[in-house]
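A.B. asks: Sending over a structure as structure tokens; questions will come in a sec.
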Amino acid sequence: MKCDLHVHTVHSGMCTVPVFQRICRESYSDPDEVYATLKRRGMDLVTVTDHDSIDSSERLRRHPDFFLSEEVTCHTSRGTELHVGVYDIRERDHVEIQRRRDDLAALFAYLNERELLFSINHAFSGLTGSRAEGDFDDFAEYFPAVEVLNGQMLPVANRHAEAFAARYRKIALAGSDSHTLAGLGRTYTRVQGARDGREFVEGLKQGRTEAFGEAGSYPKLLRAVLAISCAMIGERRWTMALAPLMSGVPLVVAAIVAREMAFARHWGRYATRRSSTPELANAVPELSR
């Protein structure tokens, strides 16, 4: 069975780009359109991983092939931000997860007690901000799964994530991370032999996963940014006054891609060095509150 394990809808909240965080959403994708698109592209199961929200479930829970997930925004004691995918949750899990999301020790204790699968998403991307060396200690020690193929991340970032997962024997997951309809279902996780949602999730937990599909690229990111910009203008007509700024979007996206490449290479080298240095590889991180 196949499922895109990283999907966003209009319920993912507002974007985090300075100036635009009050007027532009992370995604404008309607949950019903997301579901229909994923099914049309061959997904056997559908889940949604909105940022810190499960509101899409109101529209999608009627489908027997839907299961609820979310992408949790966490902050470490080092001041860095992590995006954590948590899969096949219940509404009460969402409440507890949100209550604990900035206390990683408490969050991990809850997730493990509930036997919920969770992953570190786009570990080698700088789109959520800076990284610290201690972050990779946490990834190695506490996370059972790593997103090894993200449909919006550059190939170099995905390669380092895949190598990290293999090195530390983590469960490998994949998803489109699409904030528009265009990328949905083009990157996904497959569990061979699963016959229904329960068996699929159990297969995930057992590590019987295969990652398939596209990585990100400059053209793909540019199309997504332009599509979201157009959707913003459609929702808030007065933002048409900002349309002249769109001429600079290709250069801004090019700068983002260049920064992402440098970021992935830098932390990829560190992760490789960490695994080959005994005192680093054997370090047990402390999850301070």
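The values are calculated or read from the model by the stated rules, or taken from the named source; none is laboratory data. Small disclaimer: the values here were computed from a predicted structure and weren't measured. FYI the Cβ positions are ideal-geometry reconstructions off the backbone, even for glycines, and counts take in every protein chain you see. For accessibility, only protein heavy atoms count, side chains too; no ligands or nucleic acids. Shrake-Rupley method; radii C 1.70, N 1.55, O 1.52, S 1.80 Å.
A.B. asks: Go through the residues of the range 211-219 one by one and say whether even a single one is buried (at least 22 other Cβ atoms within 10 Å of the Cβ) and hydrophobic (A, V, I, L, M, F, W, C). Write out each step before concluding.
C.D. replies: Here is the first cut: in the range 211-219, the ones buried (at least 22 other Cβ atoms within 10 Å of the Cβ) are 216.
From what is left, the residues that are hydrophobic (A, V, I, L, M, F, W, C) are none.
No: zero hits.
A.B. asks: Any idea which residue in the range 1-27 is most open to solvent (accessible area, probe 1.4 Å), counting only those that are of a type in the set (Ser, Thr, Tyr), part of a loop (DSSP other than H, G, I, E, B) and closer than 16 Å to LEU127 by Cα?
C.D. replies: Kept after step one, since they are of a type in the set (Ser, Thr, Tyr), are these residues of the range 1-27: 9, 12, 16, 27.
Next, only the ones that are part of a loop (DSSP other than H, G, I, E, B) stay: 9, 16, 27.
Keeping just the survivors that are closer than 16 Å to LEU127 by Cα gives 16, 27.
On the way: THR16: 110, SER27: 0 Å².
Here the answer is THR16.
A.B. asks: Among the listed residues GLU81, GLU71, identify the single one that is among the acidic types (Asp, Glu), within 18 Å of the chain's Cα centre (by Cα), surrounded by fewer than 22 Cβ atoms within 10 Å (Cβ to Cβ) and modelled with pLDDT of 95 or more. It would help to see each step written out before you state the result.
C.D. replies: Values: GLU71 fails: surrounded by fewer than 22 Cβ atoms within 10 Å (Cβ to Cβ).
GLU81 is the lone residue from the list that is among the acidic types (Asp, Glu), within 18 Å of the chain's Cα centre (by Cα), surrounded by fewer than 22 Cβ atoms within 10 Å (Cβ to Cβ) and modelled with pLDDT of 95 or more.
A.B. asks: Quick check on the range 29-57: of everything there that is under 17 Å from the mean Cα position of the chain (by Cα) and open to solvent by 10 Å² or more (accessible area, probe 1.4 Å), which residue is nearest to ILE89 (Cα to Cα)?
C.D. replies: If we take residues in the range 29-57 being under 17 Å from the mean Cα position of the chain (by Cα) and open to solvent by 10 Å² or more (accessible area, probe 1.4 Å), then ILE54 is nearest to ILE89 (Cα to Cα).
Conditions tested, residue by residue: (1) touching a residue at least 60 places away in the same chain (Cβ under 8 Å); (2) in contact with an Asp or Glu (Cβ under 7 Å, 6 or more places away or on another chain); (3) in a helix (DSSP H, G or I).
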| residue | (1), (2), (3) |
| --- | --- |
| ALA106 | yes, no, yes |
| LEU111 | no, no, yes |
| GLU115 | yes, no, no |
| HIS122 | no, yes, no |
| GLY126 | yes, yes, no |
| SER130 | no, no, no |
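A.B. asks: Has the range 133-147 got any residue that is surrounded by fewer than 18 Cβ atoms within 10 Å (Cβ to Cβ) and closer than 13 Å to THR80 by Cα?
C.D. replies: Yes: one or more hits.
A.B. asks: Out of all the residues in the range 96-104, is one or more without any contact (Cβ under 8 Å) to a residue 12 or more places away in the chain, part of a helix (DSSP H, G or I) and buried (at least 17 other Cβ atoms within 10 Å of the Cβ)?
C.D. replies: Taking the range 96-104 and keeping what is without any contact (Cβ under 8 Å) to a residue 12 or more places away in the chain, we get 99-100.
Filter again for part of a helix (DSSP H, G or I), leaving 99-100.
This time we only want the ones that are buried (at least 17 other Cβ atoms within 10 Å of the Cβ), so: 100.
Yes, there is a match, as at least one residue in the range 96-104 is without any contact (Cβ under 8 Å) to a residue 12 or more places away in the chain, part of a helix (DSSP H, G or I) and buried (at least 17 other Cβ atoms within 10 Å of the Cβ).
A.B. asks: Tell me whether the range 257-264 contains one or more residues that are in a helix (DSSP H, G or I), touching a residue at least 12 places away in the same chain (Cβ under 8 Å) and open to solvent by 50 Å² or more (accessible area, probe 1.4 Å).
C.D. replies: Start the filter on the range 257-264 by keeping residues that are in a helix (DSSP H, G or I), which leaves 257-264.
Okay, now just the ones that are also touching a residue at least 12 places away in the same chain (Cβ under 8 Å), so 257, 259-261, 263-264.
Checking the rest, the ones that are also open to solvent by 50 Å² or more (accessible area, probe 1.4 Å) come to 259, 261.
Taking every residue of the range 257-264 in turn, at least one turns out to be in a helix (DSSP H, G or I), touching a residue at least 12 places away in the same chain (Cβ under 8 Å) and open to solvent by 50 Å² or more (accessible area, probe 1.4 Å).
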